[in-house]
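Heads up, the thing below is written out as structure tokens.
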Amino acid sequence: MKTKSNLERVLEAGQFAVTGELGPPQSADSEIIRKKAKILKSHVDACNITDGQTAVVRMASWAACHIGKEEGLDPIVQMTCRDRNRIALQMDVLGIAALGINNLLCLTGDHQKFGNHPDAKGVYDLDSIQFVNTVKQMRDEKKFQCGEEMAVEPRIFIGAAANPFADPFEFRVVRLAKKVAAGADFIQTQLIYNVDKFAEWMKRVRDRGLHEKVKILAGVGPIKSVGAAKYMKTRVPGMDVPDSIIERLQGVPKEQVSKEGIKLCVDIINQVRQIEGVAGIHIMAIEWEEAVPEILEAAGLLPRPKFAP
């Protein structure tokens, strides 16, 4: 019998889904994961645990997911192609399935030059689209990428990422279509601050009928400071932070900026919920997990639906 994750059940039932994100520590301290999981577990339907984000050495995503699962999270393993060849990727897919972890986000991964081991050798044996297709083949055909058959397939709900804001804009939906064709079940997008541009992207998604083939979760997140907003606008590739966002944050007293950042996030959630084809949100508040309950309460997204395992 197919094992379904909580996230898959929520989306299958037509509920507006909420996923969160949790960053593992740069150490072997499991208590950090447990503390963050306790904050998030009753407020999100599932939670991503990042895989060496920004190419910095951190606790392995699959291990942190196992700890999070013990605390009541429905974990989403992030797995990058940066550090693994096709053998290691498939081994890890089997491993997470054996541990009862049924959500996987397939990523290419941040280039190692941005991290704390810039001289490390990147692998990139597969890209994220090929990886999605490999996992689908393992799940649906019980076959490894080489064509050999397996006895027990991994029951995985397959996710991929999309960035509606990277250049060239015209290619964004084409790339999404490739991930859908490869077998993605759900998509999580880059952080959205330019809602008008995201709405245009979603129109192009609908024009191709992709919203009927894959569940799209819109990426949202609170901003803690004006400096953070400016950094994302000028220093983070693929981010689109309009001047109006920075002006809004600059227009409040310094001690109120974080509160305004939370209100801004709620406003964006309310806007993207009205866009046809958006099946949920992916809320990214890494190192600010305590803001998540407040955001979701203000957005009217609590309590979350409950499904029997």
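The values are calculated or read from the model by the stated rules, or taken from the named source; none is laboratory data. On a predicted model such as this, the values are computed, not experimentally measured, just so you know. Positions of Cβ are generated from backbone atoms using ideal geometry, with glycine treated the same way; all protein chains shown enter the neighbour counts. These accessible areas exclude ligands, DNA and RNA; they are computed on the full protein's heavy atoms, side chains included. Shrake-Rupley method; radii C 1.70, N 1.55, O 1.52, S 1.80 Å.
How much accessible area per residue does the chain have, counting only protein heavy atoms and a probe of 1.4 Å, in square angstrom? Intermediate values should be presented prior to the final figure.
Numbers: 13970 Å² over 309 residues.
Ligands and nucleic acids excluded, the figure is 45 Å² per residue.
Long-range amide H contacts for residue 191: which residues qualify at under 5 Å (H placed 1.01 Å from N, peptide plane, sequence gap of 5 or more or a different chain)?
Correct list: empty.
Calculate how many DSSP beta bridges within segment 1-154 are antiparallel, expressed in % of all such bridges and rounded to the nearest 5.
On the way: 1 of 13 bridges.
About 10 percent, rounded to the nearest 5.
Quick one: what do you get for segment 74-114 if you divide its Cα Rg by 2.2 N^0.38 Å?
Working: Rg = 10.9 Å, N = 41, 2.2 N^0.38 = 9.0 Å.
Normalised Cα radius of gyration, segment 74-114: 1.21.
Just how far, in whole angstrom, is segment 222-246 from segment 65-106 if you go by their alpha carbon centroids?
Using only Cα atoms, the two centres lie 31 Å from each other.
Go through 103-110, 196-203, 46-53, 139-146 and give me the packing order, highest mean Cβ count within 10 Å leading.
On the way: 103-110: 24.2, 196-203: 17.2, 46-53: 25.8, 139-146: 14.5.
Taking the mean over residues of other Cβ atoms within 10 Å, the ranking is 46-53, 103-110, 196-203, 139-146.
Please work out the ratio of the alpha-carbon Rg of the chain to 2.2 N^0.38 Å and round it to two decimals. Display every interim value, and only then the final one.
Working: Rg = 18.6 Å, N = 309, 2.2 N^0.38 = 19.4 Å.
In units of the globular-protein estimate, the chain measures up at 0.96.
Could you give the radius of gyration (one decimal) and Dmax (whole number) of the Cα atoms in segment 45-94, in Å?
Here Rg and the maximum Cα pair distance are 11.2, 31 Å.
Can you give the angle from 0 to 90° between the axis of helix 195-207 and the longest principal axis of the chain, with both taken from C-alpha atoms, to the nearest 10?
Helix 195-207 sits roughly 40 degrees off the main axis of the chain.
By how many degrees, 0 to 90 and rounded to 10, does the Cα axis of helix 226-235 deviate from the longest principal axis of the chain?
The two axes meet at around 50 degrees.
Rounded to the nearest 5, what is the percent of antiparallel bridges among the DSSP beta bridges in the chain? Don't skip to the end; give the middle numbers.
Values: 1 of 33 bridges.
Here the share of antiparallel DSSP bridges comes out near 5 percent.
What is the percent carbon and sulfur in the accessible area of the chain, measuring with a 1.4 Å probe over the protein chains and ignoring ligands? Each step should come with its number before you reach the end.
On the way: 6960 of 13970 Å².
Looking at the chain in its full context, I get 50 percent from C and S.
Taking the highest mean first, how do the peptides 23-33, 149-159 order by number of other beta carbon atoms within 10 angstrom per residue? Before the final figure, lay out the partial values.
On the way: 23-33: 15.9, 149-159: 17.7.
Per-residue mean Cβ counts within 10 Å order the peptides as 149-159, 23-33.
For residue 21, which sequence-distant residues (separation of 5 or more, or a different chain) have an amide H within less than 5 Å of its own amide H, given hydrogens modelled in the peptide plane?
Amide H neighbours of residue 21: 48, 285.
Hey, what do the phi angles of segment 86-103 turn into as Karplus ³J(HN,Hα) couplings, whole Hz, using 6.51/-1.76/1.60 and θ = phi - 60°, x for Gly and Pro?
In residue order, the calculated couplings are 5, 5, 5, 4, 5, 4, 5, 4, 4, x, 5, 5, 5, 7, x, 9, 10, 10 Hz.
Helix 169-182: angle to the longest alpha-carbon principal axis of the chain, degrees 0 to 90, nearest 10?
So the inclination is approximately 30 degrees.
Hey, could you get me the Stokes-Einstein D for segment 56-209, Kirkwood radius over alpha-carbon pairs, 4 °C and 1.567 mPa s, rounded to whole µm² s⁻¹? All intermediate terms of the calculation are to be shown ahead of the outcome.
Numbers: Rh = 16.6 Å.
Once the numbers are plugged in, D ends up at 78 µm²/s.
Which of the residue pairs 38/197; 142/197; 35/224; 69/254; 36/230; 197/224 have a Cα-Cα distance greater than 32 Å in the structure shown?
On the way: 38/197 35 Å; 142/197 40 Å; 35/224 21 Å; 69/254 38 Å; 36/230 27 Å; 197/224 23 Å.
Going by Cα-Cα distance, 38/197; 142/197; 69/254 fall outside the 32 Å limit.
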